[in-house]
Amino acid sequence: MLLSAVIGKAAARVVYEFEVPLHVTDFNAREVEEYLPKMAAKYHFAVEHLVLDWMFLPLKLHSEDKYRNRLAWAQRALAGRDPEDAHALALASVLQLPLWTNDRDLQGLGVETYTTAQLLRHLTA
């Protein structure tokens with residue numbers, strides 16, 4: 001969702017039009033930063049433009065200390081799937097907030113999830 005918001009896709013509408021607070025792990029934020037050059041090339045954007053858009057996303061960053069006590073649970077829950085998703089899952093669990101994701105691997109793990117389409121439908125209802 002974060003990369004989609006940076007490049008101006010539907011996720012950007014959720015962030016800027018509806019001002020949905022974004023709680024993000026430091027780990028996942030670093031992942032996004034590493035991927036920005038690839039996104040810039042894929043969508044023919046100047047990487048500097050995406051970096052600026054990323055810097056201005058209204059994020060509430062959380063260190064691993066915030067969710068460390070749920071990280072092992074999240075890693076077990078995601079066994080055989082993308083282990084890097086464990087950070088977001090653990091944070092959502094600790095904050096008791098739904099997880100905004102289009103990743104089906106994160107559904108049915110005890111944390112409510114919303115896709116971008118579901119979130120937009122809910123916000124515009």
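The values are calculated or read from the model by the stated rules, or taken from the named source; none is laboratory data. Keep in mind that this is a model prediction, so the values were computed, not measured. Counting neighbours? That spans all protein chains shown, and the Cβs are built from the backbone with ideal geometry, glycine included. Only protein heavy atoms, including side chains, enter the accessible area calculation; ligands, DNA and RNA are left aside. Shrake-Rupley method; radii C 1.70, N 1.55, O 1.52, S 1.80 Å.
Based on this model, can you work out whether VAL6 counts as of a type in the set (Val, Ile, Thr), without any contact (Cβ under 8 Å) to a residue 60 or more places away in the chain and closer than 22 Å to HIS122 by Cα?
Numbers: of a type in the set (Val, Ile, Thr): yes; without any contact (Cβ under 8 Å) to a residue 60 or more places away in the chain: yes; closer than 22 Å to HIS122 by Cα: yes.
The answer is yes for VAL6.
Does LEU71 qualify as being hydrophobic (A, V, I, L, M, F, W, C) and in contact (Cβ under 8 Å) with a residue 60 or more places away in the chain? Let's see the steps before the verdict.
Values: hydrophobic (A, V, I, L, M, F, W, C): yes; in contact (Cβ under 8 Å) with a residue 60 or more places away in the chain: no.
Considered against the rule, which asks whether it is hydrophobic (A, V, I, L, M, F, W, C) and in contact (Cβ under 8 Å) with a residue 60 or more places away in the chain, LEU71 comes out as no.
Taking segment 44-54 as the search range and keeping residues that are hydrophobic (A, V, I, L, M, F, W, C) and either assigned to a helix (DSSP H, G or I) or open to solvent by 60 Å² or more (accessible area, probe 1.4 Å) (or both), which one is nearest to ALA90 (Cα to Cα)? Before you say what the answer is, go through the steps one by one.
First pass over segment 44-54, keeping only residues hydrophobic (A, V, I, L, M, F, W, C): 45-47, 50-52, 54.
Next, from what is left, pick out any that are either assigned to a helix (DSSP H, G or I) or open to solvent by 60 Å² or more (accessible area, probe 1.4 Å) (or both): 45, 47, 50-52, 54.
Numbers: PHE45: 33, VAL47: 30, LEU50: 27, VAL51: 26, LEU52: 28, TRP54: 23 Å.
Per the criteria, the residue is TRP54.
Go through (1) open to solvent by 60 Å² or more (accessible area, probe 1.4 Å); (2) among the β-branched types (Val, Ile, Thr); (3) modelled with pLDDT of 95 or more and name the single condition THR124 misses.
(3)
Could you list, in sequence order, the residues of segment 85-114 that are in a loop (DSSP other than H, G, I, E, B), in contact with a strand residue (DSSP E or B) (Cβ under 6 Å, 6 or more places away or on another chain) and touching a residue at least 40 places away in the same chain (Cβ under 8 Å)?
Going residue by residue through segment 85-114, those that are in a loop (DSSP other than H, G, I, E, B) are 96-98, 101-103, 107-112.
If we keep only those that are in contact with a strand residue (DSSP E or B) (Cβ under 6 Å, 6 or more places away or on another chain) as well, we get 98, 101, 107, 111.
Passing the criteria: only THR101.
(1) in contact with a helix residue (DSSP H, G or I) (Cβ under 7 Å, 6 or more places away or on another chain); (2) more than 27 Å from THR124 (Cα to Cα): which one isn't true of LEU106, the others all being true?
LEU106 satisfies all of (1) in contact with a helix residue (DSSP H, G or I) (Cβ under 7 Å, 6 or more places away or on another chain); (2) more than 27 Å from THR124 (Cα to Cα) except (2).
Among (1) among the aliphatic types (A, V, I, L, M); (2) more than 21 Å from ARG30 (Cα to Cα); (3) open to solvent by 30 Å² or more (accessible area, probe 1.4 Å), which single condition is LEU119 missing?
Checking LEU119 against (1) among the aliphatic types (A, V, I, L, M); (2) more than 21 Å from ARG30 (Cα to Cα); (3) open to solvent by 30 Å² or more (accessible area, probe 1.4 Å), the one that fails is (3).
Being open to solvent by 50 Å² or more (accessible area, probe 1.4 Å) and assigned to a loop (DSSP other than H, G, I, E, B) is the filter; apply it to segment 64-84 and report the residue that is nearest to THR25 (Cα to Cα).
So the residue we want is ASP82.
Restricting attention to helices (runs of 4 or more DSSP H) lying wholly within segment 1-43, give those where 3 or more residues are open to solvent by less than 60 Å² (accessible area, probe 1.4 Å), of a type outside the set (A, V, I, L, M) and modelled with pLDDT of 95 or more.
Result: 26-43.
Quick check on this structure: which one of LEU61, LEU57 is touching a residue at least 24 places away in the same chain (Cβ under 8 Å), open to solvent by 70 Å² or more (accessible area, probe 1.4 Å) and not in a helix (DSSP H, G or I)? Let's see the steps before the verdict.
On the way: LEU57 fails: open to solvent by 70 Å² or more (accessible area, probe 1.4 Å).
Residue meeting the stated conditions: LEU61.
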